[in-house]
1. Which one is farthest from G136 (Cα to Cα), of the residues in the stretch 236-246 that are in contact with a helix residue (DSSP H, G or I) (Cβ under 9 Å, 6 or more places away or on another chain) and aliphatic (A, V, I, L, M)?
2. Could you check the stretch 127-158 and list, in sequence order, the residues that are among the acidic types (D, E) and buried (at least 16 other Cβ atoms within 10 Å of the Cβ)?
3. Looking only at the stretch 174-220, which residues are buried (at least 18 other Cβ atoms within 10 Å of the Cβ), within 16 Å of ligand 1 (Cβ to nearest atom) and in a helix (DSSP H, G or I)?
4. Kindly indicate whether N155 is outside any helix (DSSP H, G or I) and assigned by TED's automatic domain parsing to the domain that holds G118.
5. Output the residues belonging to the stretch 212-263 that are closer than 13 Å to N192 by Cα and among the hydrophobic types (A, V, I, L, M, F, W, C).
6. Could you grab the pairs with beta carbons closer than 7 Å, sequence gap of 6+ or different chains, first residue in the stretch 307-335 and on the phi > 0 side of the Ramachandran plot, second one modelled with pLDDT of 95 or more and among the hydrophobic types (A, V, I, L, M, F, W, C)?
7. From A334, A320, which residue is among the small types (G, A, S) and surrounded by fewer than 14 Cβ atoms within 10 Å (Cβ to Cβ)?
8. Take the conditions among the small types (G, A, S) and assigned to a loop (DSSP other than H, G, I, E, B) and apply them to G146. Does it pass?
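The values are calculated or read from the model by the stated rules, or taken from the named source; none is laboratory data. Quantities reported herein were computed from a predicted structural model and do not represent experimental measurements. Because the Cβ atoms are built from the backbone with ideal geometry, glycine has one as well, and the counts that use them run over all protein chains shown.
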Amino acid sequence: MASLFTRSLRTTCRHRSLGFLSSSSPTWFNYRHCEGKFDTSNKHEERDTSSFKSSKSACYSTWYLAAAGICSFSSAMLLESSCSSLEEADKESGQIQQNDVRTPRVVFVLGGPGSGKGTQCSKIVKNYGFTHLSAGDLLRAEIRSGSQYGAMIQNTIKEGKIVPSEVTVKLLQKAMKESGNDNFLIDGFPRNEENRAAFETVTGIEPEFVIFFDCTEEEMERRIMNRNQGRADDNIDTIRKRFKVFVESSLPVVEFYKERGKLQKIDATRDIEDIFKSLKPLFTPFVEEDLLRLTKELLQCIDVGDYAVYKRLCDPALTAFEPESHGHLVEGLAFHKFYFDIGRMFPALSSQSQISSPKVTLVGDDAALVTYTRLRQSTTMDGVPSVEAFNETRVWERKPDSGGMLVWKNVHFHRSKSPRHRPYRKAKKGKDARKGC
Ligand SMILES: Nc1ncnc2c1ncn2[C@@H]1O[C@H](COP(=O)(O)OP(=O)(O)O)[C@@H](O)[C@H]1O
Ligand SMILES: O=c1ccn([C@@H]2O[C@H](COP(=O)(O)OP(=O)(O)O)[C@@H](O)[C@H]2O)c(=O)[nH]1
């Protein structure tokens, strides 16, 4: 039994897809977890139904769990895999995210020395879950580490010049790999054309967009002289050299991105909060995308019965109205955990979900609603497929985690059976004509 559960988890991560059915057109939007990309081609007929077909023959158990929309497992996936113990299942539990390989999202943050790049990056990190990689900080850390490049880097920084791309790109790549994140703010890089080309060639990544903090030299000089971080290059001689290098080498990179329509120029002479306010809209689409991705991850972990992921995504005080609660508001995770627990005993259950017409509504900075219709395919005990539709609304709230980082948690959801489509009937004479509106 345990091995079956384990197998289903492993193979599900490999093959399962969550689709989107657009209500306005017959196009299927297939989201393949393993590729992390939306395929917008019309692939309704081509959808991989193999797991569904084979699950028919292997499925022998609790249709009522599937009906509850809480637990289910694909038996086809289960037949394909190979791991064998509950310990392994526990180890794998909670790892959907790791298997979900996505293309890294990179935003370059450029601007003269002292324009406020680092200051704004810390605010973006706190609010939008990016990893901040300051190329300058990485180079300074490399000096401290006693590396073979230490002396060269130190001299280059003291001269206000630019360290060869070979070194900087390697450091950035390493830091990206070690971060465990896939959203990066790369601050103070690329500083010249050579940097830009080398990063693109080595990593194959192009930035989503590039922020340029536009600030006067007088203001930047004033800020650096007050920075007081004991940096060897924060002295008037080196500052002047850095300004010169910035104009000669870095501004052409800014221009390069402007020509490609990727530049977001920000007036950085204003105060810190004002600047941050103008950065927020740049990150809103990412927030919407992330909320949709989290919602899909939540539905997927329900489909594959991964309670560890469910617990990570939901607030402990999650409230819910759902058909299973018979009109009552249930609070906490216990009600939902029940279904995951019995799901472990019936690993051959199969279900998969598609969502259609998803809409994300941000309510201020820290709350959002995600509404959609969920189509859930499952099998009955004797292997007969059934499909149910639900209207769901999930309320997400951004809350600090144990490390103080703001993360999205599902705090409430409302799920009801989607009413079947009935043709509009004209009200009879004398009856309330508004009925049914
Ligand atoms: N908008 C701002 N107004 C006034 N001072 C600022 C502003 N932004 C940053 N600073 C201060 O200026 C100094 C340089 O900012 P920093 O973020 O380190 O710049 P950069 O990373 O671009 O070199 C820091 O001491 C910081 O506190
Ligand atoms: O990609 C980079 C980033 C930084 N530096 C060096 O590190 C110094 C400090 O850069 P940082 O971004 O830390 O500070 P800023 O000058 O933007 O305040 C620069 O003047 C360069 O000498 C570099 O050579 N390549």
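1. Here the residue is I236.
2. E142, the sole residue that qualifies.
3. Residue satisfying the conditions is M220 alone.
4. Here the answer is no, as N155 does not meet what is asked.
5. Once the filter is applied, which keeps residues that are closer than 13 Å to N192 by Cα and among the hydrophobic types (A, V, I, L, M, F, W, C), the stretch 212-263 yields V245, F246, V247, L251, V253, V254, F256.
6. As it stands, the answer is G332/A317; G332/L318, since those pairs meet every condition given.
7. The conditions single out A334.
8. Against the criterion (among the small types (G, A, S) and assigned to a loop (DSSP other than H, G, I, E, B)), G146 qualifies.
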